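Below is one structure, written out as structure tokens; the observations come after it.
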Amino acid sequence: DDDGTLDPYSNIVNTNNATYNTPLLNSTKWYRVVVICSNSGLFSTSPSYEVQFKPLPQIIITSNAPACEGLSVNFFSVNNAPGQSSGNSYNWIGPDGFASTLSNPLINNASAINVGYYYLTISNQFSCSATDSVFVDVLANPTLTEASHLDVSCNAGNDGVIDIDALSGLAPFLF
């Protein structure tokens with residue numbers, strides 16, 4: 001424009017091809033596209049078009065999985081793109097109808113129905129979206145059985161023994 005102020009545009013020059021591959025563009029700048037066509041010494045210039053490239057979110061997504069059955073699964077997410085730490089919306093979906101609009105949701109009392117992929121779509125302040133996923137596994141709790149025991153011989157004694165077997169679950173176990 002010709003309002004006397006310095007325009008925030010960058011020129012892309014020396015392009016004489018019918019197609020043009022853009023270089024890495026900066027999302028904080030506006031670009032003006034003008035097409036000049038010459039044929040047999042005659043020139044024609046198109047109107048200029050203002051273009052701003054809006055950046056996508058850069059998702060970092062994790063969870064505390066695998067989680068033990070009955071405990072909580074915690075999700076953690078952030079939009080790591082420069083200048084996008086605020087103004088984001090979050091949309092989570094997952095197994096068993098899981099849905100949340102929190103950035104860091106949780107599942108209480110996790111069980112086998114919660115195993116699977118959880119998908120997060122972040123939309124930023126530029127109305128651009130990106131999606132990523134994280135896999136959650138929920139481990140079955142072990143079943144404890146008494147294999148054998150020997151009672152303490154006298155009150156306050158320390159000669160008793162109990163042998164407990166852990167069935168199912170994932171070793172190592174803490175007793």
Mean Cβ count within 10 Å, highest first, over the residues of peptides 118-124, 91-97, 80-86: 118-124, 91-97, 80-86
Kirkwood-based shape ratio for the range 60-147, expressed as Rg/Rh from alpha carbons: 1.11
Mean Cβ count within 10 Å, highest first, over the residues of peptides 155-162, 71-78: 71-78, 155-162
Accessible surface of the range 67-175 [probe 1.4 Å, protein heavy atoms]: carbon and sulfur percent: 56 percent
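Using 0.36 nm per residue, how much length does the chain from Ser89 to Leu150 gain when fully extended, once their Cα-Cα distance is taken away?
15.9 nm is the gain from fully extending Ser89 to Leu150.
The values are calculated or read from the model by the stated rules, or taken from the named source; none is laboratory data. Every value quoted in this text rests on a predicted model; they were computed, and no experiment measured them. Counting neighbours? That spans all protein chains shown, and the Cβs are built from the backbone with ideal geometry, glycine included. What goes into the accessible areas is simple: the full protein's heavy atoms, side chains included, and nothing from ligands, DNA or RNA. Shrake-Rupley method; radii C 1.70, N 1.55, O 1.52, S 1.80 Å.
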